[in-house]
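Each remark here refers to the structure printed beneath this line.
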């Protein structure tokens, strides 16, 4: 996604467009849904849309599918015919479809309903922003579908439409056939030639269509122009998630999935965004004995447990301490981490105990002079879809622990790992107990026991040469100082950093401003191997004088495999991303095995699972390794940038910093926000879906 979304208006949206041209354009797009090219096509757009509905609605026959902005019918008749033909062949109940629109073309709908009895319509105008439940009288669930129309809506209308869908329906599906990327734009001229075919096939008796297609190619040109405009304004999955977040709807119990399905590679692709209600169900994974063992009840381990339970997998968390708790002070949750937490259904709870960063201030170390105040707040939410959060680590851990417990994850305390039987796989505990499962996840941090067992030798972390003083202060303690500068800092919901030679410090509020987190980073002078000692206040003051891999069915996540320096606020976010990716990929594996083996409990699929899981973990490694490595490397580079000694290079840094920003709106250089966007605007959900779909196709070809 190399450019921001632009809300241009297509030619088809204009009132001055001749009716014949508008009809030609709409008809051309509709017929595209039934296009199949022998030996090339993977079905049609309609068959791929049906595959999405069958995959995400589990049993489409339980739903009434309401086309909220149907126009003259669009692709819905093709989708209905394809879906119900298959349902009738398999002896399932047919699916009812309902057409609605703000400006209902009743005559066109009546003609469709006459030919296809499973299609009905609402003759009155229906405002998509306030649609009451339409399937209630039939005793069915309701799924709202948006066929290549959602990109037409402005953000304000889109939020209202999504809010109505969440509050009144049980699912929604958004289909698009364009994406905001370079390849789609490059391929868009091909639709120009589709216009010639449509006229020759369906309008060959119309002089006006022949004239403005073959002599003056206005009809094909209009089709191309509107296709290009669609590319410029189609929303990404993260932008749709952002609209959902800002809609005001209660997203508890909902999960959103995005993906794509190739129809004619590389020119025609179906993009989809599916929202479905989520309910914790009794585990059905007993059919394949899918059991996930997570070693470590830290942030990454709990995020992984939540992701797995949302996929209805059995989860056992082994925590070696006698209490599942976190030690530490403040922590930042950047937008890429917040997006994952939103998809895990805990973002709203985190916002209740955390705060949204409004500014990030960079100051000079010796005189406190402000170098740059980067606006975050609404700008971050508008551009990235979710906020940048500051929170106490204990509160963050508490929210995840509560959710994992609520979803049914089993947590075993005082469970110290003594060994691993990789063939089982099975965890051997220090007390002699053995815990068997299908996959073992090492989420046991920097000094990971699971990692040592995988490598068959202890691996001591390399010391980075940094030391951090960490402290939290009550607001009353700081106010008691009666220092105007300190009081000014306490009034702001901001992250303040002081940059200086070889050192920097960070200060921000936690727990709703009742406490404040302070971190001071400097060169390490502790004895080798020392991890945490009581800080010496006098030493600290003197220091700052003058300032104002994979193995079988076992995997690692978070600090156990990619510990990072605290110079980019990405340590916890990367662990949460790891846990989410594992849970999503295992959930897709579980669903695949159920599809293959059905619901017959007499079928043993454990052996199949054990063959597939290692390959799925390779997908996890491929998805996460490069991104996590890049995050670690950037943090190391940031350390050098933050700790530049006074001089020419420091003057250049401060000058550049004064023009930088995280969002495009606040970044005068553009380059910095472009780099940050690659880190903060990550579609991990889509990556997991695409990667597993590719793997699933490979399995089908074997």
Check: Just to be sure, is residue 216 closer than 27 Å to residue 19 by Cα, in contact with a helix residue (DSSP H, G or I) (Cβ under 8 Å, 6 or more places away or on another chain) and surrounded by fewer than 17 Cβ atoms within 10 Å (Cβ to Cβ)?
Finding: no
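Within the stretch 140-150, count every residue that is surrounded by fewer than 22 Cβ atoms within 10 Å (Cβ to Cβ) and over 18 Å from residue 251 (Cα atoms). Don't jump to the end; show me each part of the working.
Applying the first criterion (surrounded by fewer than 22 Cβ atoms within 10 Å (Cβ to Cβ)) to the stretch 140-150 yields 140-142, 149.
Then keep just the ones that are over 18 Å from residue 251 (Cα atoms); that gives 140, 149.
Looking only at that region, the number is 2.
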Margin query: I'm told residue 204 meets every condition in (1) surrounded by 19 or more Cβ atoms within 10 Å (Cβ to Cβ); (2) more than 30 Å from residue 159 (Cα to Cα) except one. Can you identify the failing condition by its number?
Written below: (1)
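Kindly establish whether residue 398 is modelled with pLDDT of 90 or more, assigned by TED's automatic domain parsing to the domain that holds residue 644 and out of contact with any strand residue (DSSP E or B) (no Cβ under 8 Å at 6 or more places or on another chain).
Numbers: modelled with pLDDT of 90 or more: yes; assigned by TED's automatic domain parsing to the domain that holds residue 644: yes; out of contact with any strand residue (DSSP E or B) (no Cβ under 8 Å at 6 or more places or on another chain): yes.
So residue 398 fits the description; yes.
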Notebook entry, point to check: Looking only at the stretch 635-660, which residues are surrounded by 15 or more Cβ atoms within 10 Å (Cβ to Cβ) and outside any helix (DSSP H, G or I)?
Noted result: 643, 644, 660
Note to self: So, residue 509, is that one surrounded by 11 or more Cβ atoms within 10 Å (Cβ to Cβ) and modelled with pLDDT under 75 or not?
What the structure shows: no
Note to self: Any residue that is closer than 30 Å to residue 164 by Cα, modelled with pLDDT under 90 and surrounded by fewer than 22 Cβ atoms within 10 Å (Cβ to Cβ) - is there at least one of those in the stretch 322-341?
What the structure shows: no
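Regarding residue 406, is this residue exposed (fewer than 14 other Cβ atoms within 10 Å of the Cβ), in the same structural domain as residue 647 (by TED's automatic domain parsing) and under 32 Å from the mean Cα position of the chain (by Cα)? Before the answer, list the steps.
On the way: exposed (fewer than 14 other Cβ atoms within 10 Å of the Cβ): yes; in the same structural domain as residue 647 (by TED's automatic domain parsing): yes; under 32 Å from the mean Cα position of the chain (by Cα): yes.
Considered against the rule, which asks whether it is exposed (fewer than 14 other Cβ atoms within 10 Å of the Cβ), in the same structural domain as residue 647 (by TED's automatic domain parsing) and under 32 Å from the mean Cα position of the chain (by Cα), residue 406 comes out as yes.
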Check: For the stretch 152-170, how many residues meet the condition of being crowded, with 22+ Cβ neighbours inside 10 Å and closer than 21 Å to residue 79 by Cα?
Finding: 2
Next item on the list: Report the residue count in the stretch 370-408 for those that are in contact with a helix residue (DSSP H, G or I) (Cβ under 9 Å, 6 or more places away or on another chain) and in a loop (DSSP other than H, G, I, E, B).
Entry: 6
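Can you confirm whether residue 667 is closer than 30 Å to residue 502 by Cβ and touching a strand residue (DSSP E or B) at 6+ places or on another chain (Cβ under 9 Å)? Break it down into steps so the answer makes sense when it comes.
Working: closer than 30 Å to residue 502 by Cβ: yes; touching a strand residue (DSSP E or B) at 6+ places or on another chain (Cβ under 9 Å): yes.
Answer is yes for this residue.
Picking from 221, 228, which residue would you name as being assigned to a helix (DSSP H, G or I), at pLDDT 90 or above and within 20 Å of residue 11 (Cα to Cα)? Before the answer, list the steps.
On the way: 228 fails: at pLDDT 90 or above.
So the residue among 221, 228 that is assigned to a helix (DSSP H, G or I), at pLDDT 90 or above and within 20 Å of residue 11 (Cα to Cα) is 221.
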Next item on the list: Kindly check whether there is at least one residue in the stretch 73-94 that is part of a loop (DSSP other than H, G, I, E, B), crowded, with 21+ Cβ neighbours inside 10 Å and over 30 Å from the mean Cα position of the chain (by Cα).
Entry: yes
Next item on the list: Please specify each residue of the stretch 37-60 satisfying the condition of being exposed (fewer than 15 other Cβ atoms within 10 Å of the Cβ) and either in contact with a strand residue (DSSP E or B) (Cβ under 8 Å, 6 or more places away or on another chain) or modelled with pLDDT of 90 or more (or both).
Entry: 37, 40
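Only one of these is at pLDDT below 70 and assigned to a helix (DSSP H, G or I): 527, 539, 577. Name it. Lay out the reasoning, then the answer.
Values: 527 fails: assigned to a helix (DSSP H, G or I); 577 fails: at pLDDT below 70.
One residue alone meets the criteria, 539.
Can you confirm whether residue 432 is more than 33 Å from the chain's Cα centre (by Cα) and either assigned to a strand (DSSP E or B) or not assigned by TED's automatic domain parsing to the domain that holds residue 580 (or both)? If you could, list the steps in order and put the result at the bottom.
Details: more than 33 Å from the chain's Cα centre (by Cα): yes; either assigned to a strand (DSSP E or B) or not assigned by TED's automatic domain parsing to the domain that holds residue 580 (or both): no.
Spelling it out, it is not the case that residue 432 is more than 33 Å from the chain's Cα centre (by Cα) and either assigned to a strand (DSSP E or B) or not assigned by TED's automatic domain parsing to the domain that holds residue 580 (or both).
Each row is one residue, and each column tells you yes or no for (1) at pLDDT 85 or above; (2) over 11 Å from residue 223 (Cβ atoms); (3) surrounded by 13 or more Cβ atoms within 10 Å (Cβ to Cβ); (4) under 32 Å from the mean Cα position of the chain (by Cα).
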site: 11; (1), (2), (3), (4): no, no, yes, no
site: 15; (1), (2), (3), (4): no, yes, no, no
site: 20; (1), (2), (3), (4): yes, yes, yes, no
site: 31; (1), (2), (3), (4): yes, yes, yes, no
site: 35; (1), (2), (3), (4): yes, yes, yes, yes
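For the stretch 110-129, give me each residue that is within 16 Å of residue 72 (Cβ to Cβ) and either outside any strand (DSSP E or B) or over 38 Å from the mean Cα position of the chain (by Cα) (or both).
Our first condition is that a residue be within 16 Å of residue 72 (Cβ to Cβ); within the stretch 110-129, this holds for 110-116, 119-123, 125-126.
Result: 110, 111, 112, 113, 114, 115, 116, 122, 123, 125, 126.
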Item checked: Of residues in the stretch 261-311 being under 19 Å from the mean Cα position of the chain (by Cα) and part of a loop (DSSP other than H, G, I, E, B), the one modelled with the highest pLDDT -> 311
Next item on the list: Report whether or not residue 66 is assigned to a loop (DSSP other than H, G, I, E, B), surrounded by 15 or more Cβ atoms within 10 Å (Cβ to Cβ) and at pLDDT 90 or above.
Entry: no
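With 175, 193, 153, 146 as the choices, which residue is on the phi < 0 side of the Ramachandran plot and outside the structural domain of residue 98 (by TED's automatic domain parsing)? Quick ask: steps written out before the conclusion?
On the way: 175 fails: outside the structural domain of residue 98 (by TED's automatic domain parsing); 153 fails: outside the structural domain of residue 98 (by TED's automatic domain parsing); 146 fails: outside the structural domain of residue 98 (by TED's automatic domain parsing).
Exactly one residue qualifies, and that residue is 193.
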Item checked: Selected residue (only one of 223, 210 is outside the structural domain of residue 28 (by TED's automatic domain parsing), buried (at least 21 other Cβ atoms within 10 Å of the Cβ) and farther than 24 Å from residue 689 by Cβ) -> 223
Checklist line | From the options 609, 628, residue that is part of a helix (DSSP H, G or I), modelled with pLDDT under 80 and in the same structural domain as residue 308 (by TED's automatic domain parsing) | finding: 609
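The values are calculated or read from the model by the stated rules, or taken from the named source; none is laboratory data. This is a predicted model, so every value here is computed, not measured. Neighbour counts run over all protein chains shown; Cβ positions are idealised from the backbone, glycine included.
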